[in-house]
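Working notes for the structure below.
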Amino acid sequence: MNVLVTGGAGYIGSATVEYLLNHEHKVSIVDSLATGHREAVDRRADFIEMDLSERDRLIHFVMKGSFEAIIHFAAYSLVGESMQNPSKYFINNDACSINLLDAAVAGKIKSFVFSSTAATYGLPEESPIKETTPQLPINPYGESKLFLEKMLYWYNQIHGMKYTALRYFNAAGASTNFGEDHSPETHLVPIVLQAAMGQRKNVAIFGDDYNTKDGTCIRDYIHIEDLAQAHMLALTAPRSGHYNLGTGSGFSVKEVIEVAREVTGKKIEVSVSTRRSGDPAILIADSTLARKELNWNPLHENIREIINSAWEWKKKFPTGYNDK
Ligand SMILES: NC(=O)c1ccc[n+]([C@@H]2O[C@H](COP(=O)([O-])OP(=O)(O)OC[C@H]3O[C@@H](n4cnc5c(N)ncnc54)[C@H](O)[C@@H]3O)[C@@H](O)[C@H]2O)c1
């Protein structure tokens, strides 16, 4: 297919672009490089530096591009920042996305795939989390993503544009060429690997008194190449839908650190501080629906393999991409 990928210079976007190109799709990337990297752009793709706020330019570009599908990664995604500056999140993740939705309608896009998130569930009352679990976000980031899911529902009802909202849990790992380089970094795996490389003194554990096996929070880590596979399958999904993407297994913060010690052979110091507000004890996905309806078949469900891939990338790019 001829696919437009927004946010293709970012962490998950870059690995998905690589995966699509490896599977004979044609890819164009639109990215402002606000949080992405020029070096993370796969050279085989067309790259257009553009911000989704550039409404007229974007609509013109999509109308001229003969695209069949759009995969929409471009967004801001720092939960803490969204609690300080909600406007930044609603403008970028929602208002700018409306420009993209209108461009998709004008360009007669047949399939729209959207990066949604477990953050739309807030503090869920059941585990594992199903697609039918109530979505009650507890921060502007999660709300901004839920709002776009709702907009997609209405664009589908009114314009007939098929969409797939993929609700990822904790994206982790790396492909051979593309990995995680966020600034600031807030995700556990890259933080742990920074500590392994001596780039930070220790790893902060926010609360070890949760009602879990070792007192630390449990999350569902999903390899970015498995996320990439789900996006490709979603392009040709027969109907609009919402799907959780996770492995269905949870690992605690302490377990992730222990596996990272084994993988890297390095000492990784920790410091325990108080809980962060709004951190649920356990977030685990029930991804039965994606496996059944999208024929999704994740291949890297082992946490050791996920951390090992991130470590291999980190050794190649110790300070991340070189375009900062
Ligand atoms: N990383 C995770 O664990 C995770 C979990 C759930 C959902 N998500 C969602 O997945 C998507 C990708 O996440 P990521 O970790 O790769 O983030 P990222 O910050 O690495 O990538 C986002 C990309 O979008 C671009 N971008 C942002 N706003 C833009 C705009 N207005 N116009 C053009 N480009 C813009 C950035 O420059 C960046 O390259 C996001 O939508 C995020 O909400 C991520």
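The values are calculated or read from the model by the stated rules, or taken from the named source; none is laboratory data. Here the structure is a predicted model, which means the values were calculated and not measured. All Cβ positions, glycine included, derive from the backbone under ideal geometry; neighbour counts span all protein chains shown.
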>> Conditions first: (1) farther than 22 Å from Tyr221 by Cα; (2) modelled with pLDDT under 95. Val105 passes all but one, so which condition is the exception?
In response: (2)
> Which of the following residues is at pLDDT below 95, surrounded by fewer than 22 Cβ atoms within 10 Å (Cβ to Cβ) and more than 11 Å from the ligand (Cβ to nearest atom): Gly65, Gly80?
Replying inline: Gly80
> When region 103-115 is examined, which residues are found to be hydroxyl-bearing (Ser, Thr, Tyr) and crowded, with 24+ Cβ neighbours inside 10 Å?
Replying inline: Ser115
> Of the residues that sit in region 152-174 and are outside any helix (DSSP H, G or I) and away from the ligand (no atom under 13 Å from the Cβ), which one is farthest from Phe114 (Cα to Cα)?
Replying inline: Gly160
> Only one of (1) crowded, with 16+ Cβ neighbours inside 10 Å; (2) more than 10 Å from the ligand (Cβ to nearest atom); (3) within 17 Å of Ala9 (Cα to Cα); (4) of a type outside the set (Ser, Thr, Tyr) fails for Asp46. Which number is that?
Replying inline: (1)
>> Here is a list: Ala34, Ala40, Ala74. Which entry is near the ligand (Cβ under 9 Å from one of its atoms), at negative phi, assigned by TED's automatic domain parsing to the domain that holds Arg239 and touching a strand residue (DSSP E or B) at 6+ places or on another chain (Cβ under 7 Å)?
In response: Ala74
> When residues of region 181-204 are filtered for being away from the ligand (no atom under 16 Å from the Cβ) and buried (at least 20 other Cβ atoms within 10 Å of the Cβ), how many remain?
Replying inline: 3
